[in-house]
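Chemist: Shown below is the structure under consideration.
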Amino acid sequence: MEWMAWSQVTAIFFISIGVILVCMVVAEIKCPTIERKGFLPIIATTRGDRLFIGLLGSAYIHLFFLAVSEQSVWIAFGISVVWLISVLRWG
Amino acid sequence: MNLKVQNNKAWFLVLPVLLLVAFSAVIPLMTVVNYSVQDIFDNSRVYVGTEWYREVLNDPRLQASLIRQFIFSGSVLLIEIPLGILVALMMPTKGRMASLCLVVLAMPLLIPWNVVGTIWQIFGRADIGLMGAFLNGIGVNYNYASNPTDAWFTVLLMDVWHWTSLVALLCYSGLRAIPDAYYQAAKIDQASAWAVFRYIQLPKLRNVLVIGVLLRFMDSFMIYAEPFVLTGGGPGNSTTFLSQTLTKMAIGQFDLGPAAAFSLVYFLIVLLVSWLFFTTITHLDNKK
């Protein structure tokens, strides 16, 4: 864990991102994405677009939560998971 | 159903680029993430979780830098984009003068950032600088080293001088790519100069303007060397932008954890704004 100053949390974080990307590749091979319009305003999105928007949104949810609240970051994590799933499913 | 099996071996050709991007961008970014959740001092590391994020997000010094940075980038775009279009429209289309204009316009782009800062530092000096001495000579009390308004004016003017050429050159290439048939049709319809600009030139310039706006936004948002050399962030903190605050934190104070946390916030802002620009323009393209 000394290499690149890894910590367990950051390792889990990047492994999760990697697993999500592998799942996206598998999903694309099994069932190619079709652009569609969901609840996201103005734009039609592909599966990859929705993942990007979901992850970027999650990052901002965490930052906003950390800026305004002293409570546990796990609350922000919970909100982010709901947001990510919602965007992927209905975005 | 007889589906032809696609040969995907060509994807292996992407591998060198992937490795290059991994070593130059992804792995350093991962290191920054690692640093942002730890307190690193000498050889010891302590896991601190989200503490640095809370600290930097509530740091008034960084908030002030962020606001200054947005004002600066907004001002740069508001000045350089229309000015660049205007310069491109006024440039000769052919002949020696066209070549001369292109060379003259390209010159500021060839000068290194810190040299640009030095040029304007001397140019703006109230005692020996051409601009500073001239302004004081005609009765304008100008001193960028002591007056925040003058410092902002000089930093903005320097950036406009350095980078408007880029927008102008991009627009010029866009204008030259418009087929003559459009202008001939406009002439037959007796279209005014404004109508030609509004309905022919501006729509055709959209793609180059997207590149111009994106480049100028990202570059101005990351500006460091020019204001650092020119004003050193002063007077006070009036021209201290994000990258200067970050550098001071990371290299001056060796607060690697907070600096890493703030780098990621900085990165997310650039990512969001660039994505919004890109998506808006792509959407406009698809709508057409």
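The values are calculated or read from the model by the stated rules, or taken from the named source; none is laboratory data. The model shown is predicted, which means the values in this text are computed figures rather than measured ones. We place every Cβ from the backbone using ideal geometry, glycine too, and count neighbours over all the protein chains shown.
Per-residue answers, yes or no, for (1) of a type outside the set (Asp, Glu); (2) surrounded by fewer than 18 Cβ atoms within 10 Å (Cβ to Cβ); (3) more than 24 Å from the chain's Cα centre (by Cα); (4) at pLDDT 90 or above:
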{"position": "B:ILE188", "(1), (2), (3), (4)": "yes, yes, yes, yes"}
{"position": "B:ALA195", "(1), (2), (3), (4)": "yes, yes, yes, yes"}
{"position": "B:TYR224", "(1), (2), (3), (4)": "yes, yes, no, yes"}
{"position": "B:VAL229", "(1), (2), (3), (4)": "yes, no, no, yes"}
{"position": "B:THR239", "(1), (2), (3), (4)": "yes, no, no, yes"}
{"position": "B:GLN244", "(1), (2), (3), (4)": "yes, no, no, yes"}
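Chemist: Mind checking which residues of region A:1-28 are more than 18 Å from the chain's Cα centre (by Cα) and either in the same structural domain as A:LEU56 (by TED's automatic domain parsing) or among the aromatic types (Phe, Trp, Tyr) (or both)?
Modeler: Answer for region A:1-28, where residues must be more than 18 Å from the chain's Cα centre (by Cα) and either in the same structural domain as A:LEU56 (by TED's automatic domain parsing) or among the aromatic types (Phe, Trp, Tyr) (or both): A:TRP3, A:TRP6.
Chemist: Which pairs do you get when a residue that is more than 7 Å from chain A (Cβ to nearest Cβ), found in region B:32-61, comes within reach of a residue that is of a type in the set (S, T, N, Q), reach meaning Cβ atoms under 7 angstrom, with the pair 6+ apart or on two chains?
Modeler: Pairs that qualify, where the first residue is more than 7 Å from chain A (Cβ to nearest Cβ) and the partner is of a type in the set (S, T, N, Q), are B:VAL32/B:SER263; B:VAL46/B:GLN38; B:VAL48/B:GLN38; B:TRP52/B:SER36; B:ARG61/B:THR245.
Chemist: Within region A:46-66, which residues are within 18 Å of B:LEU272 (Cα to Cα) and at the interface with chain B (Cβ under 10 Å from one of its Cβ atoms)?
Modeler: A:ASP49, A:PHE52, A:ILE53, A:LEU56, A:GLY57, A:ALA59, A:TYR60, A:HIS62, A:LEU63, A:PHE64, A:PHE65
Chemist: How about region A:34-51: which of its residues are touching a Gly at 6+ places or on another chain (Cβ under 7 Å) and assigned to a loop (DSSP other than H, G, I, E, B)? Give the steps one after another, and end with the answer.
Modeler: Here is the first cut: in region A:34-51, the residues touching a Gly at 6+ places or on another chain (Cβ under 7 Å) are A:38-40, A:45, A:50.
Selection gives A:GLY38, A:PHE39, A:LEU40.
Chemist: Moving to a separate point now. Spot the failing condition for B:ILE67; the list is (1) surrounded by fewer than 16 Cβ atoms within 10 Å (Cβ to Cβ); (2) more than 17 Å from B:GLN244 (Cβ to Cβ), and only one is missed.
Modeler: (2)
Chemist: So which of A:ILE29, A:ILE43, A:ILE34, A:ILE17 ends up being at pLDDT below 95, more than 28 Å from B:THR31 (Cβ to Cβ), surrounded by fewer than 16 Cβ atoms within 10 Å (Cβ to Cβ) and within 11 Å of another protein chain (Cβ to nearest Cβ)? Explain how you work it out, then say what you get.
Modeler: Values: A:ILE43 fails: surrounded by fewer than 16 Cβ atoms within 10 Å (Cβ to Cβ); A:ILE34 fails: within 11 Å of another protein chain (Cβ to nearest Cβ); A:ILE17 fails: more than 28 Å from B:THR31 (Cβ to Cβ).
Every option except A:ILE29 fails the conditions.
Chemist: Taking region B:130-153 as the region of interest, how many residues are buried (at least 19 other Cβ atoms within 10 Å of the Cβ) and either in a loop (DSSP other than H, G, I, E, B) or within 17 Å of the chain's Cα centre (by Cα) (or both)? Can you show your working first?
Modeler: Step one: of region B:130-153, the residues buried (at least 19 other Cβ atoms within 10 Å of the Cβ) are B:132, B:142, B:144, B:150-152.
This time we only want the ones that are either in a loop (DSSP other than H, G, I, E, B) or within 17 Å of the chain's Cα centre (by Cα) (or both), so: B:142, B:144, B:152.
The number of residues fulfilling the criteria is 3.
Chemist: Right, next: Would you confirm, using the coordinates I've provided, whether A:ILE85 is assigned to a helix (DSSP H, G or I) and within 24 Å of B:VAL273 (Cβ to Cβ)?
Modeler: Working: assigned to a helix (DSSP H, G or I): yes; within 24 Å of B:VAL273 (Cβ to Cβ): no.
No.
Chemist: Can I ask one more? Quick one: in region B:248-261, which of the residues that are within 11 Å of chain A (Cβ to nearest Cβ) and of a type in the set (A, V, I, L, M, F, W, C) is farthest from B:PHE228 (Cα to Cα)? Reasoning before the result, please.
Modeler: Of the residues in region B:248-261, the ones within 11 Å of chain A (Cβ to nearest Cβ) are B:256-257, B:260-261.
After this cut, where a residue has to be of a type in the set (A, V, I, L, M, F, W, C) as well, the list is B:256, B:260-261.
Numbers: B:LEU256: 21, B:ALA260: 21, B:ALA261: 22 Å.
Applying the filter and picking the extreme gives B:ALA261.
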